[in-house]
Amino acid sequence: MKWMDGHCDVLYKLWKYPEGGLDFYGKGHGLDVTYAAARRAGVGMQVFAIFVPEDVPRSQAWQVALEQVDRFYEEVVRKGGVQPVRTPEELNTLTRENRMGGLLSLEGADALQGSLRHLRILSRLGVRQVGLTWNYANEAADGIEEERGGGLTRFGRELVREMQRLRMVLDVSHLSVRGFWDVMEENLPVIASHSNARAICSHRRNLMDDQIRALVDRKGLIGITFVPKFVHDDPDAATVDDLLKHIEHICSLGGEERIAFGSDFDGIEQKIPGLEHIGKLSLLGEELLKRYPEHLVKRWTWTNWYEFYAGQL
């Protein structure tokens with residue numbers, strides 16, 4: 001089974017713990033996603049998030065983002081077998097040469113410091129996807145945890161339109177509900193890289209049915225995520241079976257060709273039993289095949305992501 005994982009926080013960990021002995025190509029102590037485990041599980045492409053935590057002073061956010069980009073090229077690309085994916089041609093090369101790809105995504109526009117120039121620089125450095133917010137408000141929009149629940153700001157709309165010009169993908173995971181609907185008024189490719197169904201688990205980070213239908217209509221993608229508190233209202237009770245309930249619900253809304261996976265590995269402490277790291281994806285694949293036709297499972301684990309990026313990058 002071939003996989004594409006739509007979200008991990010390896011770069012954040014490599015940046016945060018520079019002396020921690022973390023090695024994407026080593027034995028991987030402390031990393032949920034390593035090259036060896038990913039390849040054993042059949043991962044053909046991994047989306048690597050650039051995440052600047054909220055405790056970083058605003059004046060340093062841009063520098064931290066650039067440092068994580070450098071970690072990607074120096075510690076993931078240069079050291080081994082991961083190929084950067086920035087164009088459809090590079091994506092096609094993965095299949096021809098059976099290599100693992102890496103796509104850069106910015107999680108939260110805080111790092112841009114209100115500058116479209118910074119967006120253009122990141123685009124030229126290979127960042128092909130942007131989530132406007134993490135959980136809280138910034139210059140672009142309100143996040144899902146911001147109590148006022150505002151939508152896009154004036155700068156946020158300018159940012160979205162510049163992303164459209166640069167052929168970048170917009171990620172609505174973490175975005176406020178009003179911000180989601182503001183984005184849906186704009187003309188650019190949209191995904192929710194790591195979000196589940198709120199009808200199954202009531203956490204506000206999950207998508208409501210009307211949002212799921214809107215993404216389906218837009219031909220966006222929904223990356224089913226392994227975060228226990230987004231899987232089950234009692235995170236300690238979350239199981240793989242509960243994860244599959246989200247898939248079933250999205251299918252019931254017409255989304256079987258819009259489903260993908262976005263693990264959030266290395267961004268979470270608590271794990272679903274049986275899904276503790278990237279190497280366990282093959283076990284999830286076995287569970288999926290017990291319940292669903294093989295052609296659908298292959299779409300969810302690889303083809304939906306592949307076709308989306310091939311048409312949008």
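The values are calculated or read from the model by the stated rules, or taken from the named source; none is laboratory data. Everything numeric in this text was worked out from a predicted model, so none of it was measured. Note that we place each Cβ from the backbone using ideal geometry, even for glycine, and neighbour counts take in every protein chain shown. With ligands, DNA and RNA removed, areas are computed over all heavy atoms of the protein, side chains included. Shrake-Rupley method; radii C 1.70, N 1.55, O 1.52, S 1.80 Å.
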TODO: State whether the residues of region 200-210 include one that is open to solvent by 10 Å² or more (accessible area, probe 1.4 Å), part of a helix (DSSP H, G or I), modelled with pLDDT of 95 or more and not polar (S, T, N, Q).
DONE: yes
Task: The listed residue being crowded, with 21+ Cβ neighbours inside 10 Å, at negative phi and in contact with a Phe, Trp or Tyr (Cβ under 6 Å, 6 or more places away or on another chain), out of Gly156, Gly143 - done: Gly143
Open item on the list: Given the options Gly102, Gly42, Gly81, name the one that is closer than 26 Å to Asn304 by Cβ, touching a Pro at 6+ places or on another chain (Cβ under 7 Å) and not β-branched (Val, Ile, Thr).
Closed with: Gly102
Task: region 281-307 residues that are surrounded by fewer than 18 Cβ atoms within 10 Å (Cβ to Cβ), paired with ones that are assigned to a helix (DSSP H, G or I) and at pLDDT 95 or above (beta carbon under 6 Å, 6 or more apart) - done: Ser282/Ala41; Glu287/Val240; Leu289/Val297
Open item on the list: I need a count of the residues in region 91-112 that are open to solvent by 20 Å² or more (accessible area, probe 1.4 Å), touching a Gly at 6+ places or on another chain (Cβ under 7 Å) and part of a helix (DSSP H, G or I).
Closed with: 0
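Residues checked against (1) aromatic (Phe, Trp, Tyr); (2) in a loop (DSSP other than H, G, I, E, B):
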{"site": "Gly114", "(1), (2)": "no, yes"}
{"site": "Arg117", "(1), (2)": "no, no"}
{"site": "Ile121", "(1), (2)": "no, no"}
{"site": "Tyr136", "(1), (2)": "yes, yes"}
{"site": "Gly149", "(1), (2)": "no, yes"}
{"site": "Gln164", "(1), (2)": "no, no"}
{"site": "Leu170", "(1), (2)": "no, no"}
Task: Selection count, region 38-80, where residues are over 15 Å from Ser105 (Cα atoms), open to solvent by less than 10 Å² (accessible area, probe 1.4 Å), touching a residue at least 60 places away in the same chain (Cβ under 8 Å) and assigned to a helix (DSSP H, G or I) - done: 2
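So which of Val172, Val177, Val190, Val240 ends up being among the aliphatic types (A, V, I, L, M) and buried (at least 24 other Cβ atoms within 10 Å of the Cβ)?
Of Val172, Val177, Val190, Val240, the one residue that is among the aliphatic types (A, V, I, L, M) and buried (at least 24 other Cβ atoms within 10 Å of the Cβ) is Val172.
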TODO: May I ask you to verify whether Leu14 is within 23 Å of Leu94 (Cβ to Cβ) and open to solvent by less than 50 Å² (accessible area, probe 1.4 Å)?
DONE: yes
TODO: Can you tell me which residue among Leu170, Leu221, Leu188 is over 30 Å from His29 (Cα atoms), over 16 Å from the mean Cα position of the chain (by Cα) and touching a residue at least 24 places away in the same chain (Cβ under 8 Å)?
DONE: Leu188
Open item on the list: Exactly one of these conditions fails for Arg157: (1) among the basic types (Lys, Arg); (2) touching a Leu at 6+ places or on another chain (Cβ under 7 Å); (3) under 29 Å from His203 (Cα atoms). Give me its number.
Closed with: (2)
Task: Residue ID - nearest to Val240 (Cα to Cα), chosen from residues in region 211-221 that are out of contact with any Leu (no Cβ under 7 Å at 6 or more places or on another chain) and open to solvent by less than 10 Å² (accessible area, probe 1.4 Å) - done: Leu221
